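S.K.: I have a structure I would like to understand better, so I am pasting it below and will then ask my questions one at a time.
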Amino acid sequence: MRDPSRPYAVPPSPYSLGDEAWAGMPSDDEGYPPSSWDEGWGVAEGDPDDDSVMLTEVVFVEGQLVDTRRRPARGTPYEAIASELRETRRPAPRVTYVQTPSPPHHEPMLAWLDRVVGGRDALLHLDVVPLPAEELDLAAFRTGDRARLTDLDRRISATVDRLVSGPLATELRTAIRRLMVRLLSADRFYLARSERDDLIAGGLFLAVGRANDLVGPGRLILGRSVTEAFELRSPPTGRASSIVGVLGGRAWWYDARPRGAPDVPVLGDPGLLVHSFRRELVTARDVALAEAAADGTRAEPRRVP
C-alpha cells in the first residue's frame with residue numbers, strides 16, 4: 001500500500017526485497033522476457049495516444065544508470081498522479097497572425113524628419129540658409145581641455161580644406177565646431193577617456209559628414225578619403241557612432257527610416273546640417289505635408305526621443 005505521507009514515492013522494486021527476490025529470474029545470458037517488466041503495470045510499452053501522460057522508468061545498478069524506458073502512465077500506480085498533472089498542463093498558446101495595412105507614406109516620413117531636426121516645430125520652421133562661419137567657442141569647455149580642442153580644431157580644419165572647397169567647407173567647419181560643443185556639453189569627460197586625437201578628429205568629421213549625406217559610396221567624399229586624410233588604419237566608423245550615441249541618436253543610427261529617406265545617422269539638430277541637406281529635408285517635408293492634406297488626415301507630431 002502506498003504511504004499517504006509520500007504520495008509521489010516510487011513503489012518498492014523487487015530487487016530491494018532480498019536475495020529471495022532473485023529466485024526464478026533469468027540470467028543476463030538468457031535475457032528478461034517482456035512480461036517480467038510489464039507485470040503489475042497493466043500496460044505494455046507502446047505508442048502513447050494524444051491524451052496520455054508518459055511515465056519514465058530509470059534503472060540504476062550500483063549507482064550506474066543501466067536502463068530507461070517510457071510508457072503511458074495509464075494502468076500504473078501513477079495513473080492518478082498523471083491525471084492530476086494532465087489537468088494542470090497549460091495548453092500551448094494559440095498564435096494568431098493579423099496582417100495590418102501599412103501606414104500612409106507621409107506618416108513615417110514626417111516622424112523621421114522630426115527626429116532628424118529635433119521636433120515638429122523645428123521641422124516646420126526649417127530654412128535653407130547656409131551656416132555662417134564660426135570660430136570654436138573655447139569658453140564653453142573646461143580649461144584643461146582647451147589646448148587639446150584647439151589642436152583638434154586645427155587638424156579638422158586642415159582636413160576640411162583638403163577634401164572640400166568653397167562655401168561648403170565653411171559650413172562643415174561650423175557644423176563640426178558646434179558638434180564639439182554639444183558633445184562635451186553632453187559628456188564632459190569624453191576626451192578624457194581616449195588619447196587618440198586622430199581618431200576623435202576623424203570621428204567628428206565622419207559623424208557630421210554622414211549626417212549630411214556627404215560621405216559614402218557615390219557621395220561627394222568617399223569613406224576611404226576620410227581615413228587617408230586623418231592618417232588612420234581603418235575608417236573611424238565606431239568613433240563616429242559613439243559620438244552620435246552621446247547626442248541621443250543611437251536609436252536612429254542607420255535604421256528606423258522610411259522608404260526614400262537617406263541612409264544617415266540622426267543628430268537631431270538643424271544647426272549641425274548644411275544648407276544643401278536641409279534643402280532636401282524641406283522638399284521631403286513639403287511633399288509629406290501635401291500627402292497628409294490630400295489624405296484628409298492631420299499630421300500629428302510624435303515625441304522625439
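S.K.: From the list 229, 211, 186, 261, exactly one residue is in contact (Cβ under 8 Å) with a residue 40 or more places away in the chain, within 18 Å of residue 161 (Cβ to Cβ) and assigned by TED's automatic domain parsing to the domain that holds residue 118. Which is it?
M.R.: Of the residues listed, the single one that is in contact (Cβ under 8 Å) with a residue 40 or more places away in the chain, within 18 Å of residue 161 (Cβ to Cβ) and assigned by TED's automatic domain parsing to the domain that holds residue 118 is 229.
S.K.: Of all the residues that make up segment 128-149, how many are surrounded by fewer than 19 Cβ atoms within 10 Å (Cβ to Cβ), of a type in the set (A, V, I, L, M) and assigned to a helix (DSSP H, G or I)?
M.R.: The total comes to 4.
S.K.: Okay, next question. For segment 150-171, check the following and say yes or no: at least one residue is in a helix (DSSP H, G or I), of a type in the set (D, E, K, R) and either buried (at least 21 other Cβ atoms within 10 Å of the Cβ) or not assigned by TED's automatic domain parsing to the domain that holds residue 209 (or both).
M.R.: Yes, segment 150-171 contains at least one residue that is in a helix (DSSP H, G or I), of a type in the set (D, E, K, R) and either buried (at least 21 other Cβ atoms within 10 Å of the Cβ) or not assigned by TED's automatic domain parsing to the domain that holds residue 209 (or both).
S.K.: Taking the condition assigned by TED's automatic domain parsing to the domain that holds residue 281, under 22 Å from residue 266 (Cβ atoms), of a type outside the set (Asp, Glu) and touching a helix residue (DSSP H, G or I) at 6+ places or on another chain (Cβ under 8 Å), does residue 201 pass?
M.R.: So residue 201 fits the description; yes.
S.K.: Here is a list: 149, 138, 113, 124. Which entry is of a type outside the set (D, E, K, R) and under 22 Å from residue 259 (Cβ atoms)?
M.R.: 113
S.K.: Here's a follow-up. Any residue in segment 66-73 that is in contact with a helix residue (DSSP H, G or I) (Cβ under 7 Å, 6 or more places away or on another chain), more than 30 Å from residue 284 (Cβ to Cβ) and surrounded by 10 or more Cβ atoms within 10 Å (Cβ to Cβ)?
M.R.: yes
S.K.: Among 152, 179, 191, which is the only one that is farther than 27 Å from residue 219 by Cα and either among the small types (Gly, Ala, Ser) or in contact (Cβ under 8 Å) with a residue 12 or more places away in the chain (or both)?
M.R.: So the residue among 152, 179, 191 that is farther than 27 Å from residue 219 by Cα and either among the small types (Gly, Ala, Ser) or in contact (Cβ under 8 Å) with a residue 12 or more places away in the chain (or both) is 191.
S.K.: Looking only at residues in segment 100-122 that are in a loop (DSSP other than H, G, I, E, B) and at pLDDT 85 or above, which one is surrounded by the most Cβ atoms within 10 Å (Cβ to Cβ)?
M.R.: Of everything passing the filter in segment 100-122, 118 is surrounded by the most Cβ atoms within 10 Å (Cβ to Cβ).
S.K.: Let me ask something additional. Can you find, within segment 250-305, the residue that is surrounded by the most Cβ atoms within 10 Å (Cβ to Cβ) among those that are among the basic types (Lys, Arg) and modelled with pLDDT under 90?
M.R.: 257
S.K.: Looking at segment 175-205 only, could you name the residues that are in a loop (DSSP other than H, G, I, E, B), among the acidic types (Asp, Glu) and surrounded by 15 or more Cβ atoms within 10 Å (Cβ to Cβ)?
M.R.: Scanning segment 175-205 gives a single hit, 187.
The values are calculated or read from the model by the stated rules, or taken from the named source; none is laboratory data. Fair warning: this is a prediction, and the values are worked out from it, not measured in the lab. No Cβ is skipped: glycine too gets one built from the backbone with ideal geometry, and neighbour counts run over all protein chains shown.
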